[in-house]
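First up is the structure itself, then whatever we jot down about it.
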Amino acid sequence: MSPGIVSDPSHLGELVGRKPDPERRDELLQEVVSYLLDRGIHQTSLRPLANELGTSTYTFVYHFGSKEKLITMALDQVAQRAADVLTGFGDDGTVHGFVHDWWDWNVDDDQLETARIITDARSLVRVQPELFQPFVERTRHDFVTALAARLSSEGGVSDDACMMVAALTGTLAELVGAEDADRGAATVERLLLAVAA
């Protein structure tokens, strides 16, 4: 290897003799999450991302090791945000309240980006399962678990949670694509009536 050329950029920190600054890494990660929420995750490339954030691709590799690790960590942040808000849904203690709060949160203009990221990741699982499958499984598991707990507390069948999550996330994916919130809200109401029957 020629002097000054790094054959494996993930070891850049070792070669320059210092470790990545954890605070800078956290700052970068939050900036990347914001970028992905704003622009989506399809065809994410380090160069445009670095240019937009006023840094370099080497900075990302230095702090995260690879594009894949950076994207994985950013998706973990998005999944955690989605999981955190689930705990506040349904203050009235009902399945209806929980589902309505979930729907309202997802269709809110300030939160719709999160729904887009989750929907995009679901479509990218077939292309890059190692990158997107853990994120999709985590967000689905968190939602199913929270909804199953609500169903059980009302004497419902917690197994219905899987069916409801599939229907709700499918409806949300339609909304993301078509941006027809009224039709989506009507679908959610019909689903709730069917489960309550």
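Count of region 154-181 residues, restricted to those that are outside any helix (DSSP H, G or I) and either in contact (Cβ under 8 Å) with a residue 40 or more places away in the chain or acidic (Asp, Glu) (or both), is 5. Looking across region 57-84, the residues that are touching a residue at least 60 places away in the same chain (Cβ under 8 Å), closer than 15 Å to residue 44 by Cα and among the hydrophobic types (A, V, I, L, M, F, W, C) come down to 71, 75.
Candidates 121, 83: the one that is crowded, with 19+ Cβ neighbours inside 10 Å and closer than 24 Å to residue 31 by Cβ is 121.
This table checks each residue for (1) surrounded by 17 or more Cβ atoms within 10 Å (Cβ to Cβ); (2) touching a residue at least 24 places away in the same chain (Cβ under 8 Å); (3) of a type in the set (S, T, N, Q); (4) under 17 Å from residue 72 (Cα atoms).
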| position | (1), (2), (3), (4) |
| --- | --- |
| 105 | yes, no, no, no |
| 109 | no, no, no, no |
| 131 | yes, yes, no, yes |
| 134 | no, yes, no, yes |
| 138 | yes, yes, no, yes |
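Inside region 76-101, residues that are in a helix (DSSP H, G or I) and touching a helix residue (DSSP H, G or I) at 6+ places or on another chain (Cβ under 7 Å) make up a count of 12. Flag not set for residue 97, criterion: farther than 19 Å from residue 75 by Cα, under 19 Å from the mean Cα position of the chain (by Cα), among the small types (Gly, Ala, Ser) and surrounded by fewer than 17 Cβ atoms within 10 Å (Cβ to Cβ).
Readers should treat all values here as calculations from the given coordinates under stated rules, not as data from a laboratory. This structure is a prediction, so every number in the text was calculated from the model and none was measured. In this analysis, Cβ positions are derived from the backbone assuming ideal geometry, glycine residues included, and neighbour counts consider all displayed protein chains.
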